[in-house]
Amino acid sequence: AEYSSTLPFVAWPIEVLFTVKHPSSIQHIPTLAGITMRHITGHQVLEKLTSNGNGRLGLGTETAVRIAAVIAGQLARLHATGIVFCDLNPKNILVSNNRQTVTFVDADAFQHSIIADVFTKPHFFPGYASPDQANLKPGMRTPADDNFVLAIHIFQLLLDGGHPFDTGPAYNPTGDPFANITPNDNVKARRWPYSNIPL
């Protein structure tokens with residue numbers, strides 16, 4: 001309840017949902033099914049604005065910079081309270097249709113500094129993870145993990161939607177002519193396509 005008022009740009013979990021098997025079943029123990037959150041209307045997922053194959057969908061530089069600044073500012077506010085987003089992928093960031101507000105969803109994956117060793121299994125969307133996450137390094141995530149992914153989003157917003165680790169067939173260090181190198185592969189291997197300086 002406190003976060004709902006101090007960090008209103010997050011669609012916080014409202015209620016935990018469980019499924020219960022039919023009473024005639026031998027095992028009818030409640031099982032976690034998910035959470036409910038407030039319904040967000042008048043927004044689009046960031047992915048539709050940056051990764052639709054048409055660049056950044058005619059946002060214009062000023063609007064793209066504003067969206068990037070809002071995302072960065074809100075993420076900094078989360079970090080200041082000890083919260084790490086952990087799964088800052090473009091499906092979990094909603095941008096209002098008028099491009100003025102940004103809402104974060106999937107708050108059930110957040111990690112908080114006051115709760116140690118909870119949900120420490122690496123959880124991420126391929127291509128939107130730090131090298132430690134992409135390499136499935138266990139443990140608590142840090143703001144640095146979020147900031148790595150934030151940089152990917154800013155790159156996409158400012159440079160017409162291209163993923164900074166997407167090299168396509170032009171860059172294939174494996175020697176296998178049929179290898180399909182994904183952005184996640186490059187992140188895992190710490191290969192920065194725009195420089196020969198390792199991450």
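Descriptive notes on the structure:
- Scan of region 54-72 for residues that are open to solvent by less than 60 Å² (accessible area, probe 1.4 Å) and either closer than 14 Å to A11 by Cβ or among the basic types (K, R) (or both), ordered by number: R56
- Among (1) at pLDDT 90 or above; (2) touching a Pro at 6+ places or on another chain (Cβ under 7 Å); (3) of a type outside the set (S, T, N, Q), the one test that L199 misses: (1)
- Residue check for A64: among the small types (G, A, S) and closer than 20 Å to Y128 by Cβ: yes
- The condition of being farther than 22 Å from A69 by Cβ and modelled with pLDDT of 85 or more holds for only one of P126, P164, P122, P138, that being P126.
- Where helices (runs of 4 or more DSSP H) sit wholly within region 1-114, those with at least 2 residues that are more than 16 Å from I154 (Cα to Cα), at pLDDT 85 or above and out of contact with any Phe, Trp or Tyr (no Cβ under 9 Å at 6 or more places or on another chain) occupy 2-6.
- Subset tally (residues that are open to solvent by 30 Å² or more (accessible area, probe 1.4 Å) and of a type outside the set (V, I, T)) for region 73-107: 11
The values are calculated or read from the model by the stated rules, or taken from the named source; none is laboratory data. Predicted, not measured: the structure shown is a model, and the values here were computed from it. Cβ coordinates were reconstructed from backbone atoms using ideal geometry, including for glycine residues, and neighbour counts include every protein chain displayed. Surface areas here come from the heavy atoms of the whole protein model, side chains and all, with no ligands, DNA or RNA. Shrake-Rupley method; radii C 1.70, N 1.55, O 1.52, S 1.80 Å.
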